[in-house]
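Please read the structure below before turning to the comments.
The values are calculated or read from the model by the stated rules, or taken from the named source; none is laboratory data. Every value quoted in this text rests on a predicted model; they were computed, and no experiment measured them. Positions of Cβ are backbone-derived with ideal geometry, glycine not excepted, and every protein chain shown enters the neighbour counts.
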Amino acid sequence: MPQGLWFDPELCLIGGSWCAPVGGRTLALINPSDGSVLCNIARGEAADIDAAVGAAQNALQGDWGRMSALERGRILTRMGQLVLERVDDLALLEAQDVGKPLTQARADAVALARYLEFYGGAADKVHGQTIPYLEGYTVYTLREPHGVTGHIVPWNYPMQIIGRSVGAALAMGNAAVLKPAEEACLTALAFAHIAQDAGLPDGALNVVPGIGAEAGAALTAHPGVQHVSFTGSVATGALVQQAAGRNVVPVTLELGGKSPQLVFDDADLDAALPFLVNAGIQNAGQTCSASSRILVQRDVYDNIRHRMSEAYGALTVGPALSDLRVGPVISQRQKDIIQGFLGKGADLEVAAQGVLGDEAVNTGAYVLPTLFAGVPADHPLARDEIFGPVQVIIPFDTEEDAIRIANSTDYGLVASIWTGNGARQMRLAKAIRSGQVFINNYGAGGGVELPFGGVGKSGHGREKGFEALYGFSQLKTVAAYHG
Ligand code: TXE
């Protein structure tokens, strides 16, 4: 059993009751730090999803559906407070489940609390409009929930992704059915227990763990679901969109990227360096907004290559609970995917690698952080999402080159520009195809207030901030004729 587990992990939450899945089946949850079985979790299937959607529909007809926005907000705020009280417990579970170093897992738990605070406070602040119209009419708009929302969450940042999607959906008065990833779902279950403790009415949140092709596919295809939010791979995202399309319901897709940082010769390199490296290796590179491409202007190329290599040499890799800079990746399968990419880089120059910490064991899913230098912009390692602790440095000559290379992948999630030239900052912020652009920073601390989402194969729809609240609601126009 995982250290610090305080609930039964083999159950689903449906309509306020914790119950075994209909088929009585379970799945083993593997600890990526050493390959051991942490515990079993429920392997829900279509019948469980059906019951969860039914429970969500009942909640919308009952207390939850009738609750004022103010009261919904108070419950979310209470959930945030309870998460803050349990930050260390949640971090311990996440570290064991995802393989995330404890410090990073703790930051995710704090972020979950912050999402709940933000959306708790925002619940009663999403207003409609009055629209001046023809004589004799009064016209106004109402923001209403979609109804039942489906949430398919991956394994890399369970707490943050639940906070941004389930938090926003509940704030708008939807009833949620959450399908966490089969590789990591302990904090999803913990979150559901905390929601109950905070007084969330039965059925407003339902959680059905299970594998993607079973519970996940059943949720996205269910005719009782009115909105689907998905974070994961491009291939699965396309399946999710097709399934939701058959029911003609909207989807939000967040599908990762190949996010660049552009370093010009007039940049403050001291300020840039920690961001260049950390944005690539945080969570062992398994971050949708990871910066896996470092584009460097030729004049400062040797300098950056040298300093990033030094930083890589100090990256220690080891078990999550040892809390080194880099933990294992999520699974042997993910490790194999990453090793496959490293194999494709056999023709490239490896500038530097991290080091295995003393405590790393052979049975864990460890990948040494690897920095490739002098990489051609059209190389597979410079174009494809690797989802591991791997970065490439790509030299460029002119601003036009930098823009062309930055925009040369199928993705467009995040980009950053390092330059002291204000006019260039403004030009590039417009020219780069990306959902977010950062100037002289990367990620801006991940603020929950900042709308987030991609263009191209990075997906569509926006999460975080108020934009998410618009996405999790629909607009009704009321036109009253009174003469
Ligand atoms: O993803 P999947 P996987 C990328 C990353 C990684 C690759 C594979 O490149 O190497 O995807 O990871 C559920 N209907 N990202 O296999 O399949 C599944 O149960 C409905 C980027 O884990 O997309 C899980 O809950 N749902 C990413 C979720 O989808 C289905 C985060 C993600 O699984 C389903 C994770 C189906 N048919 C991986 N099949 C990011 N953007 O941050 C699976 N699922």
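If you scan the stretch 21-49, which residues turn out to be charged (D, E, K, R) and crowded, with 17+ Cβ neighbours inside 10 Å?
Hits for the stretch 21-49 are Asp34, Arg43, Glu45, Asp48.
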Legend entry - Whichever residue in the stretch 451-483 is within 16 Å of the ligand (Cβ to nearest atom) and basic (Lys, Arg) and, among such residues, is surrounded by the most Cβ atoms within 10 Å (Cβ to Cβ): Lys464
Legend entry - Pairs, first farther than 27 Å from Glu94 by Cβ in the stretch 329-348, second in a helix (DSSP H, G or I) and at pLDDT 95 or above, C-beta under 6 Å, six or more apart: Lys344/Pro380; Gly345/Leu381
Inset, instruction - Give the residues of the stretch 221-233 that are more than 18 Å from the chain's Cα centre (by Cα) and outside any loop (DSSP other than H, G, I, E, B), sorted by residue number. - result: Ala221
Inset, instruction - Take the stretch 324-338 and flag every residue that is within 14 Å of the ligand (Cβ to nearest atom), more than 19 Å from the chain's Cα centre (by Cα) and under 21 Å from Glu359 (Cα atoms). - result: Gln332, Lys335
Legend entry - Residues of the stretch 359-413 that turn out to be more than 16 Å from the ligand (Cβ to nearest atom), under 22 Å from Ile337 (Cα atoms), outside any loop (DSSP other than H, G, I, E, B) and of a type in the set (Gly, Ala, Ser), as a count: 1
Legend entry - Close pairs (7 angstrom Cβ cut-off, 6 or more residues apart or separate chains): in the same structural domain as Met426 (by TED's automatic domain parsing) and under 18 Å from Asn303 (Cβ atoms) in the stretch 378-401, within 13 Å of the ligand (Cβ to nearest atom) and assigned to a strand (DSSP E or B) anywhere: Gln391/Ser292; Val392/Ser292
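Within the stretch 1-111, considering only strands (runs of 3 or more DSSP E) that don't extend past its boundaries, which have at least 2 residues that are free of Cβ contacts under 8 Å to residues at least 24 places away in the same chain? Let's see the steps before the verdict.
Working: elements: 12-14, 17-19, 26-30, 37-42.
Once the strands (runs of 3 or more DSSP E) in the stretch 1-111 are filtered for at least 2 residues that are free of Cβ contacts under 8 Å to residues at least 24 places away in the same chain, what remains is 17-19, 26-30.
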Inset, instruction - Out of Gly210, Gly199, report the one residue that is within 15 Å of the ligand (Cβ to nearest atom) and either buried (at least 20 other Cβ atoms within 10 Å of the Cβ) or on the phi > 0 side of the Ramachandran plot (or both). - result: Gly210
Legend entry - Contacts under 6 angstrom Cβ, first residue in the stretch 151-175 being more than 23 Å from Gly327 (Cα to Cα) and near the ligand (Cβ under 9 Å from one of its atoms), partner among the hydrophobic types (A, V, I, L, M, F, W, C) and assigned to a strand (DSSP E or B), 6 or more apart: Ile152/Phe230
Legend entry - Tally of residues being in contact (Cβ under 8 Å) with a residue 60 or more places away in the chain and over 22 Å from the mean Cα position of the chain (by Cα) across the stretch 270-293: 2
Inset, instruction - Kindly list the number of the only condition in (1) of a type outside the set (Phe, Trp, Tyr); (2) under 21 Å from Gly65 (Cα atoms); (3) near the ligand (Cβ under 9 Å from one of its atoms) that fails for Ala204. - result: (3)
Inset, instruction - Mind counting the residues in the stretch 234-293 that are within 11 Å of the ligand (Cβ to nearest atom) and either outside any strand (DSSP E or B) or among the aromatic types (Phe, Trp, Tyr) (or both)? - result: 22
Inset, instruction - Determine whether the stretch 439-450 contains at least one residue that is surrounded by fewer than 18 Cβ atoms within 10 Å (Cβ to Cβ), among the charged types (D, E, K, R) and not in a loop (DSSP other than H, G, I, E, B). - result: no
